[in-house]
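Worksheet for the structure shown next.
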Amino acid sequence: MDFEEYTDHLLAGEDEECLAAARTVAGDLEGLHHLYVDLIQPAQYRVGELWEAGKISVAAEHLATATNSYVASICYAPLARETTGGPRALIVCTPEEMHELGPRLLADLLECDGWDVDFYGTSMPVRDLVGAIRERKPRFVGLSAALVMHLGSVKRTITAIRDALGVETPPIIVGGNAYRGDGDLWKQVGADFYAADASAAVEMLRALKE
Ligand code: B12
């Protein structure tokens with residue numbers, strides 16, 4: 001099933017059809033990457049375009065997002081790995097950011113790649129984020145932003161982390177919808193790395209595992 005057909009099922013509220021389609025592709029780890037990056041992500045982007053154009057309601061968007069969350073969690077569960085003792089990763093949304101699904105999918109794929117991921121979701125105050133980095137000592141910090149207007153918040157957050165931790169600051173990677181369409185924006189926020197999707201991020205971050 002391509003992402004357009006998948007999106008039609010999402011918007012029709014047909015969660016069982018979505019789950020069945022997802023199960024046919026996500027039988028192994030490669031399939032889970034395919035489900036997340038080639039079905040769920042473009043389907044969510046299409047939902048965003050339709051919402052922006054006034055063609056679907058906020059309710060339809062909420063149902064699609066909740067369905068994709070449900071589908072991802074069911075398909076991820078049998079492939080989840082016991083990663084205690086693996087290198088630690090910290091993934092979080094920039095403070096004002098409410099778009100949680102993308103970084104959640106990234107956290108899942110990193111866990112499957114052997115990282116021990118601390119996923120903090122949304123609404124994390126900067127001071128507490130700095131405290132968590134100090135305490136948990138992640139090998140890297142991943143900061144997610146979906147809204148272009150949140151790039152200032154990303155920049156302030158990265159500055160605050162660097163000011164507080166100095167040379168102890170772990171590498172900082174950014175990603176999310178906010179960077180789409182402008183290859184250089186990530187440099188302007190002061191990050192060390194950027195990846196366009198979760199699969200590319202997993203690949204890139206392997207270099208930090210050794
Ligand atoms: C669902 C949704 C919501 C939900 C989110 C619920 C949730 N639990 O996540 C809710 C209802 C909260 C919401 C609210 C809003 N939204 Co909204 N939303 C979306 C929508 C349709 C889908 C988001 C999503 O799930 N994407 C799918 C995931 C898988 O993709 P992703 O986030 O890009 O993540 C992938 C990669 O980018 C990467 N990645 C993500 N994070 C990171 C981090 C790192 C470190 C790395 C390396 C990689 C990485 O990995 C993921 C997998 O490959 C998008 C459309 C879109 N284009 O994304 C609009 C969208 C992001 N929203 C938009 C807007 C305008 C809003 C609101 C301002 C609307 C309003 N007026 O209230 C608010 C703002 C809320 C806030 N303060 O953040 C706009 C943003 C426009 C812009 N360019 O700035 C979009 C693009 C819709 C549109 N087409 O206009 N939204």
Query raised in the report: In the chain, what % of DSSP beta bridges are antiparallel (nearest 5)?
Result: 0 percent
Query raised in the report: Looking at the square roots a ≥ b ≥ c of the eigenvalues of the Cα gyration tensor of segment 88-208, which shape do they give, rounded for a/c under 1.5, prolate if a/b is larger than b/c, or oblate?
Result: rounded
Query raised in the report: What Kirkwood radius, in Å to one decimal, follows from the Cα pairs of the chain?
Result: 17.6 Å
Query raised in the report: Put +1 on the Cβ of every Lys and Arg and -1 on every Asp and Glu Cβ in the chain; which of Ser199, Gly48, Gly142 then has its Cα farthest towards the positive end of the dipole?
Result: Gly142
**Report entry** Surrounding net charge for Met124, when Lys and Arg each add one and Asp and Glu each subtract one, Cβ distance under 15 Å
**Finding:** -1
Report summary line: Along the dipole axis of the chain (charges at Cβ: +1 for Lys and Arg, -1 for Asp and Glu; origin at the Cα centre), the most positive-end residue among Thr65, Gly176, Thr157 is Thr157
Query raised in the report: Hey, what angle do you get for helix 15-25 against the long axis of the chain, alpha-carbon based, 0 to 90 degrees rounded to 10?
Result: 70 degrees
Requested in this report: Any chance you could run the full-extension gain for Ser73 through Glu14? It's 0.36 nm times the residue separation minus the Cα-Cα distance, nm to one decimal.
Outcome: 19.6 nm
Query raised in the report: Per residue, how much space in cubic angstrom lies within the convex hull of the C-alpha atoms of segment 3-79?
Result: 65 Å³
Query raised in the report: In square nanometres, what is one fourth of the surface area of the convex hull spanned by the alpha carbons of segment 43-123?
Result: 5.9 nm²
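Readers should treat all values here as calculations from the given coordinates under stated rules, not as data from a laboratory. Computed from a predicted structure; not experimentally measured. Note: ideal-geometry Cβ built from the backbone for every residue, glycine included; neighbour counts use all protein chains shown.
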